[in-house]
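For reference, the structure discussed in these notes is given below.
The values are calculated or read from the model by the stated rules, or taken from the named source; none is laboratory data. The model shown is predicted, which means the values in this text are computed figures rather than measured ones. Because the Cβ atoms are built from the backbone with ideal geometry, glycine has one as well, and the counts that use them run over all protein chains shown. Surface accessibility is based on the protein's heavy atoms, side chains included, excluding ligands, DNA and RNA. Shrake-Rupley method; radii C 1.70, N 1.55, O 1.52, S 1.80 Å.
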Amino acid sequence: MSSKKKPFEQYSYLLRDGRRVVMFALFEPRRATLWLVAAGKGDALRRARELGARDPHIVSDFRPLGIGIDAAANDPNGGVFVRNFLPDEGSVPLPLADLRDYLEGTSRAY
């Protein structure tokens, strides 16, 4: 059995402008799904941790779910999130600027 890791291109989504979107599953301190525009795996992990994710997990089993791709690409901060891990069709991506407050439990909106 091979222990090779998948290249970033296989589990990220290529945008028309050449940037890539990667999806994270966040479990600590609160559950969330996060989409970030990133240059590579290291950049994505660094940004997720800077935003308050304690142990971010890149979802590498499949490419990012569609509801967050366009929203992340168009967000001025380069990302969006939804509460909970597996968003449903009714989930609305929330602005990346609100992620830290959500994770810390200090946001009154969430």
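If R0 is 30 Å, what FRET efficiency do you get for Asp101 and Lys5 from their C-beta distance, rounded to 0.05? The computed FRET efficiency comes out at 0.35. Sorted on the mean count of surrounding Cβ atoms within 10 Å across their residues, most packed first, peptides 10-20, 38-48 read 38-48, 10-20. With all protein chains in place and a 1.4 Å probe, the accessible surface of the chain carries 47 percent carbon and sulfur. Rolling a 1.4 Å probe across the protein heavy atoms gives the chain an accessible surface of 60 Å² per residue. The reciprocal of the average 1/r between distinct C-alpha atoms defines the Kirkwood hydrodynamic radius, which for the chain equals 13.9 Å. Highest GNM mean-square fluctuation among Leu96, Leu26, Leu65, for the chain modelled with Cα contacts below 10 Å: Leu65. With a simple spin-label model that places each label point 7 Å from the Cα along the Cα-to-Cβ direction, the separation between Arg16 and Arg49 comes to 3.5 nm.
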